[in-house]
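This report refers to the structure that appears directly beneath it.
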C-alpha cells in the first residue's frame, strides 16, 4: 500500500551547504538519510516530497554545522497482510517467480500459483501448468494476495503472495473466470420421444 507519511526530525546543515536555501539544504540531508530506507513502521521510503524547516537553528560548540527541527512528508510503500495487489513477473526461478509489486519484488512460489502440476523453465522464462496448459512468463501481469511480510531494519523487505484463490492469477485467467461466472448455467433438455412417467 502506498501512503504519504508526515514525520519530524532534526537535521544538521553542514557548512558546505550554507550557500543553499535552508529548505533545499534540509531536503538534501533528508533524502540522503531516508530515501530507499526500510522501516518496520513505515515500510519502504520511496522519496521525500516536501519539508518545512524552522529558520531558527542551534549551534553546538566545536561543530561548524547548524541544527534545525524539520517536518517533512515522505512517499512510502508498506505491504499489508491479505492486501490484494497487482504486479508483473520480472524473474522466473526453479521455485517460482518474483513479481514486481509497487516498490519491491514479491515471491510467488510454485505451490501458490494453482492446483496443477507446474514446471518451471528458467531458460525460457516460463512456468507451465501440466493439465490446464496455462502459462506464466516474464512480463505477465497478475492479481495476487499478500500472505507474508517481513520488514527488518537492516534486511531487505520480503513479501510472499498467492494466486490460489478465486479471481486471482494472470489477467487472462481472471477474464476467463469472470466470463464463466456471468454465463448462464446450461439448460438440461428432455430426451425426445420419452414419455412422461405415469402416475398411479
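The values are calculated or read from the model by the stated rules, or taken from the named source; none is laboratory data. It should be emphasised that the depicted structure is a prediction, and the values quoted were computed from it without experimental measurement. Every residue, glycine as well, gets a Cβ built from its backbone with ideal geometry; the counts of neighbours run over all protein chains shown.
Being free of Cβ contacts under 8 Å to residues at least 60 places away in the same chain, closer than 16 Å to residue 174 by Cβ and either more than 19 Å from the chain's Cα centre (by Cα) or not assigned by TED's automatic domain parsing to the domain that holds residue 164 (or both) holds for only one residue in 141, 135, and it is 135. Residue pairs whose Cβ atoms lie under 9 Å apart, separated by 6 or more positions or on different chains, with the first residue in the stretch 121-132 and closer than 13 Å to residue 90 by Cα and the second loosely packed, with under 13 Cβ neighbours inside 10 Å, are 122/94; 125/139; 126/119; 127/119. All conditions but one from (1) over 15 Å from residue 96 (Cβ atoms); (2) surrounded by 13 or more Cβ atoms within 10 Å (Cβ to Cβ) apply to residue 158; the one that does not is (1). Taken over the stretch 55-88, residues that are in a loop (DSSP other than H, G, I, E, B) and either surrounded by 13 or more Cβ atoms within 10 Å (Cβ to Cβ) or out of contact with any helix residue (DSSP H, G or I) (no Cβ under 6 Å at 6 or more places or on another chain) (or both) amount to 14. Taking the stretch 28-54 as the range and being without any contact (Cβ under 8 Å) to a residue 40 or more places away in the chain and either over 15 Å from residue 8 (Cβ atoms) or part of a strand (DSSP E or B) (or both) as the test, the residues that pass are 28, 31, 32, 35, 36, 37, 45, 47, 48, 50, 51, 52.
Only a single criterion out of (1) within 12 Å of the chain's Cα centre (by Cα); (2) surrounded by 18 or more Cβ atoms within 10 Å (Cβ to Cβ); (3) within 23 Å of residue 175 (Cα to Cα) is not satisfied by residue 114, namely (1).
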